[in-house]
Amino acid sequence: MIVEANTVRFDSITLDSGATLAPVEVAYETYGELNAAKSNAILVLHAFSGDAHAAGISHESGKPGWWDNMIGPGKGFDTNRYFVICSNVLGGCRGTTGPGSINPATGCPYAMRFPVITIGDMVRLQKMLIDWFGIPRLLSVSGGSMGGMQALEWAVSYPDRVVSSIPIAATTRHSAQQIAFNEVGRQAIMADPDWNEGNYYGKQLPGRGLSVARMVGHITYMSDDSMREKFGRRLRGKENFGFGFDVDFEVESYLRYRGSQFVNRFDANSYLFITKAMDYFDLTGGRASLAAALEPARARFLIISFSSDWLYPSYQSQETVRALRARNCDVAYVELLSNYGHDSFLVDVAEQADMVRGFLSSTFEKVQ
Amino acid sequence: MTAQTAKKQAFVRELLGRSDYAIISEIVEPGTKVLDLGCGEGELLEWLAANKGVQGRGVEISGVKVQHAIGRGVSVYQGDIDEGLADYPDQAFDYVILSQTLQETLYPRHVLQEMLRVGRRVIVAFPNFGHWTVRYSMLKSGRAPRTKLFPYEWYESPNIHFLTVQDFEELVALEGLVIERRYFLSGKSKVTLLPNLRAEVAVYLVRR
């Protein structure tokens with residue numbers, strides 16, 4: 001399946017901060033066919049560093065999508081039955097308007113003049129895209145991590161537009177620990193002199209800061225078990241310690257590699273804006289309780305967490321489930337056993353796919 | 001009544017290999033909301049949804065069973081019955097089902113109270129510890145009884161609260177509850193005479 005990215009342009013979007021962004025573009029890919037009743041559409045939502053290329057082989061890069069093991073013919077999101085859409089988030093750097101886009105007022109990239117955005121703003125732009133498709137109701141919205149937060153936001157903000165929601169390894173609000181790790185990443189970027197208050201476009205990129213930020217991120221996506229299994233204390237290309245500060249251990253090599261790769265594909269300012277949006281995310285939004293905040297939700301929910309995920313621990317998913325039960329919502333929940341930490345929803349997908357397939361199938365039958 | 005029709009009436013068919021499921025499936029009215037506690041892989045809920053248009057939810061402690069239940073399209077929550085009922089609002093369900101699990105809960109009386117807070121009616125099925133084979137096994141061996149119904153060694157048994165038909169009736173009276181229907185089963189047959197001695201499984205429909 002060779003897939004191509006498309007872009008739609010809208011005149012403007014009004015943000016939670018009160019600011020307006022005009023125009024705004026959104027990059028998306030689709031897989032499968034929309035049926036005549038437009039009742040088989042599923043919006044898949046990417047995590048922090050993902051993009052619109054969720055499945056298939058990219059025409060442009062030749063690479064598989066970030067959830068290619070979940071989306072395709074016969075897979076969890078079965079493209080023989082469903083029409084799957086994935087778009088790059090607002091503030092991103094993979095085709096959708098973000099801090100690296102040209103500000104029409106100045107003719108230069110927005111950089112730090114880009115307005116601060118929220119998860120709600122990302123979802124608002126996705127809803128504009130779904131309206132543009134003319135899809136009255138999505139069969140499902142689903143994603144892991146930040147994508148899961150969007151799946152929850154969709155169910156609360158546009159309850160009449162989603163039949164079901166599948167938030168995976170997600171939370172209704174960022175915890176102190178989650179904010180803390182994001183802040184370390186932001187400080188690493190802003191401490192890099194090449195960051196230059198965000199004005200590095202066309203110049204030396206703040207690669208050192210961004211790669212350190214990504215290294216920290218990768219640690220939080222794995223688990224002690226998975227790192228022990230993958231690296232242990234193995235040395236990289238040497239028999240003995242180098243007695244210096246070049247790479248000794250495999251794990252150092254891996255993190256440096258992942259960090260440097262990231263610099264080639266991700267914009268440091270997008271890192272700042274998107275992590276801030278995640279940190280601001282709190283579905284409770286000043287209401288008395290989470291259950292009160294979930295009052296508008298009408299969707300059927302499938303919530304999944306992973307036993308070794310210490311970045312978005314199971315207790316956060318369980319909190320969401322309890323609040324939904326208190327509202328007597330239709331909610332299924334399981335904690336899957338996996339060693340892969342927060343990354344489990346991307347890499348350890350066999351059981352997740354079976355559940356998603358069954359859940360979607362029974363949901364689809366109900367709307368037929 | 002001829003002997004033949006009497007025999008026919010005494011016969012209880014099985015549903016999904018279980019006679020208590022057959023009875024529960026007859027009790028549950030179509031189009032109702034049902035919560036099944038300890039629902040396993042959700043077979044009963046799936047059957048009730050497909051055949052009676054029931055809106056079903058389940059609670060199950062085993063993660064693997066929950067995975068399978070969700071995979072067959074049933075909304076199941078992985079959790080503990082003893083504490084898991086607390087989240088639900090009052091009278092959220094038409095029926096709350098507890099099949100062959102009451103004797104495994106830590107606080108059966110509290111579970112029964114919670115079930116009646118959450119549901120208008122409860123359906124409880126449990127193995128009868130008063131069955132004559134159990135009494136005989138204990139009398140003869142002088143040890144914790146092991147029978148077809150209770151096959152476990154005492155140290156491996158999931159059953160931590162043994163109860164008889166009479167015990168359950170007394171708890172229901174103590175709680176001031178109303179028994180709408182009661183069924184007693186031995187194998188695939190209904191028992192009418194001396195249920196506390198002859199029933200292997202009892203099924204009750206109870207309300208406040």
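The values are calculated or read from the model by the stated rules, or taken from the named source; none is laboratory data. Just so it is clear, the structure is predicted and the values come from calculations on it, not from any experiment. Backbone-built Cβ (ideal geometry, glycine too); neighbour counts: all protein chains shown.
Have a look at A:ILE42, A:ILE71 and point out the one that is in contact with a helix residue (DSSP H, G or I) (Cβ under 9 Å, 6 or more places away or on another chain) and buried (at least 20 other Cβ atoms within 10 Å of the Cβ).
The conditions single out A:ILE42.
Do we have any residue at all in the range A:264-274 that's modelled with pLDDT of 95 or more, under 30 Å from B:GLN91 (Cα atoms) and touching a Pro at 6+ places or on another chain (Cβ under 7 Å)?
no
Output the residue which, of all residues in the range A:160-201 that are touching a strand residue (DSSP E or B) at 6+ places or on another chain (Cβ under 6 Å) and hydrophobic (A, V, I, L, M, F, W, C), is surrounded by the fewest Cβ atoms within 10 Å (Cβ to Cβ).
If we take residues in the range A:160-201 being touching a strand residue (DSSP E or B) at 6+ places or on another chain (Cβ under 6 Å) and hydrophobic (A, V, I, L, M, F, W, C), then A:VAL162 is surrounded by the fewest Cβ atoms within 10 Å (Cβ to Cβ).
Can you tell me which residues in the range A:334-352 are under 19 Å from A:GLY72 (Cα atoms) and charged (D, E, K, R)?
Within the range A:334-352, A:ASP348, A:GLU351 qualify.
Out of the residues in the range A:314-335 that are outside any helix (DSSP H, G or I) and facing chain B (nearest Cβ under 7 Å), which is surrounded by the most Cβ atoms within 10 Å (Cβ to Cβ)?
The extreme case among them is A:VAL334.
Could you check B:GLY71 against (1) within 10 Å of chain A (Cβ to nearest Cβ); (2) buried (at least 20 other Cβ atoms within 10 Å of the Cβ); (3) in contact with a strand residue (DSSP E or B) (Cβ under 6 Å, 6 or more places away or on another chain) and say which number it fails?
For B:GLY71, the exception is condition (3).
Can you tell me which of (1) of a type outside the set (Phe, Trp, Tyr); (2) surrounded by 13 or more Cβ atoms within 10 Å (Cβ to Cβ); (3) modelled with pLDDT of 95 or more; (4) in contact with a strand residue (DSSP E or B) (Cβ under 7 Å, 6 or more places away or on another chain) is the one B:LYS190 doesn't meet?
(3)
For the range A:69-179, list the strands (runs of 3 or more DSSP E) that sit wholly inside it and hold at least 1 residues that are within 18 Å of A:ALA332 (Cα to Cα); which are they?
A:140-144, A:164-168
Checking the structure you have, find out if any residue of the range A:288-306 is free of Cβ contacts under 8 Å to residues at least 60 places away in the same chain, assigned by TED's automatic domain parsing to the domain that holds A:VAL163, part of a loop (DSSP other than H, G, I, E, B) and closer than 26 Å to B:GLY58 by Cβ.
Yes, there is a match, as at least one residue in the range A:288-306 is free of Cβ contacts under 8 Å to residues at least 60 places away in the same chain, assigned by TED's automatic domain parsing to the domain that holds A:VAL163, part of a loop (DSSP other than H, G, I, E, B) and closer than 26 Å to B:GLY58 by Cβ.
Tally the residues that are more than 7 Å from chain B (Cβ to nearest Cβ), of a type outside the set (Ser, Thr, Tyr) and in a loop (DSSP other than H, G, I, E, B), restricting the search to the range A:336-358.
3
For the structure I just gave you, tell me whether B:GLY56 is within 10 Å of chain A (Cβ to nearest Cβ) and over 24 Å from B:ARG181 (Cα atoms).
No, not satisfied.
From the list A:ASP354, A:ASP282, A:ASP330, A:ASP348, which one is more than 18 Å from A:TRP154 (Cβ to Cβ) and modelled with pLDDT of 95 or more?
Exactly one residue qualifies, and that residue is A:ASP354.
Let's see how each residue does on (1) polar (S, T, N, Q); (2) surrounded by fewer than 11 Cβ atoms within 10 Å (Cβ to Cβ); (3) over 33 Å from the mean Cα position of the chain (by Cα); (4) assigned by TED's automatic domain parsing to the domain that holds A:TRP310:
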residue	(1), (2), (3), (4)
A:SER226	yes, no, no, no
A:ASN240	yes, yes, yes, no
A:VAL247	no, no, no, no
A:SER253	yes, no, no, no
A:ARG256	no, no, no, no
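Given (1) assigned by TED's automatic domain parsing to the domain that holds A:LEU15; (2) touching a residue at least 12 places away in the same chain (Cβ under 8 Å), identify the lone condition not met by A:ALA268.
(1)
Is it true that some residue in the range B:89-107 is without any contact (Cβ under 8 Å) to a residue 60 or more places away in the chain and in a helix (DSSP H, G or I)?
Within the range B:89-107, none of the residues are without any contact (Cβ under 8 Å) to a residue 60 or more places away in the chain and in a helix (DSSP H, G or I).
Could you run through the range A:42-66 and say how many residues are hydrophobic (A, V, I, L, M, F, W, C), touching a Phe, Trp or Tyr at 6+ places or on another chain (Cβ under 9 Å) and part of a loop (DSSP other than H, G, I, E, B)?
Number of matching residues: 5.
Does the range B:63-73 include one or more residues that are under 18 Å from the mean Cα position of the chain (by Cα), outside any helix (DSSP H, G or I) and closer than 27 Å to A:ALA291 by Cα?
The answer is no, given that none of the residues of the range B:63-73 is under 18 Å from the mean Cα position of the chain (by Cα), outside any helix (DSSP H, G or I) and closer than 27 Å to A:ALA291 by Cα.
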